[in-house]
1. Using just the helices of the chain, give the 222 nm mean residue ellipticity in deg cm²/dmol: DSSP H runs with n ≥ 4 each add -39,500 (n - 2.57), and the total is spread over all residues, rounded to 500.
2. With no solvent and one equal point scatterer placed on each C-alpha of the chain, evaluate the Debye formula and give log10 I(q)/I(0) for q = 0.08, 0.09, 0.11, 0.15 Å⁻¹, two decimals.
3. Tell me, in nm to one decimal, what length is gained between residue 192 and residue 232 on full extension, where the rule is 0.36 nm per residue of separation less the Cα-Cα distance?
4. Taking the mean number of other Cβ atoms within 10 Å as a proxy for protection, how do you rank 95-101, 11-17, 215-221 from highest to lowest?
5. Between 0 and 90 degrees, rounded to the nearest ten: what's the tilt of helix 76-94 against the longest Cα principal axis of the chain?
6. Going from the alpha-carbon gyration tensor of region 70-202, what semi-axes, largest first and in whole Å, does one get by taking the root of 5 times each eigenvalue?
7. To the nearest 0.05, how large is the calculated FRET efficiency for residue 7 and residue 97 if R₀ is 30 Å and r is the Cβ-Cβ distance?
8. Taking the mean number of other Cβ atoms within 10 Å as a proxy for protection, how do you rank 110-120, 182-192, 225-235 from highest to lowest?
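Values in this text are rule-based calculations from the coordinates and carry no lab data. Keep in mind that this is a model prediction, so the values were computed, not measured. Cβ atoms come from the backbone with ideal geometry, glycine included; neighbour counts cover every protein chain shown.
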């Protein structure tokens, strides 16, 4: 089954496929041969995955999207935050009264429940696949995470996955252009304005340990600054638990 070209949205040529195991895997095959910036969505995704190999349950009507993005190696952590910020602000612009938060580094929560998941995977060199799953129509069951999943629909936000795709890609392209002109600081302030559990006690599971302390802020690279009994630690990567 081959992807079908739809239209150009912002920076990307958008394709859609009826069914695929993973939009990330699909775009890794599509991008090198096209030589263009590509976005790919799927009506059904049977083998989606999240960070650290977690599965991502398929529900028809939800958004399964991957787009290609050139990311300088030294700026990867900033881009990770920017991708989530644009997603959170997309929801906020559609529904200004909604309770939208970002769980570091880029999980978006709506009404206290997880709305989306984001997974970046390298294609080659500085070219990355940015995979995004958004619970537009319904929320999947989550296990082993300590929190529930939510959806746009259950929060009264009634639009379909294609409408949301257009909103998000347009918004992200605008934020990316601002980042390239003005740097990370203005976006960092917006990110902190939506941060979940900032200035509260949290735990972060890294590759080697579980660290507990006060979530102070993020630094100018998007890393989490954690105040523990041993001082202030910079967390480069990990899973935050509330």
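1. -8500 deg cm²/dmol
2. Values returned for q = 0.08, 0.09, 0.11, 0.15 Å⁻¹ are -0.28, -0.36, -0.55, -1.05.
3. 12.6 nm
4. 11-17, 215-221, 95-101
5. 70
6. Ellipsoid half-lengths, sorted descending, are 23, 17, 16 Å.
7. It comes out at approximately 0.45.
8. 110-120, 182-192, 225-235
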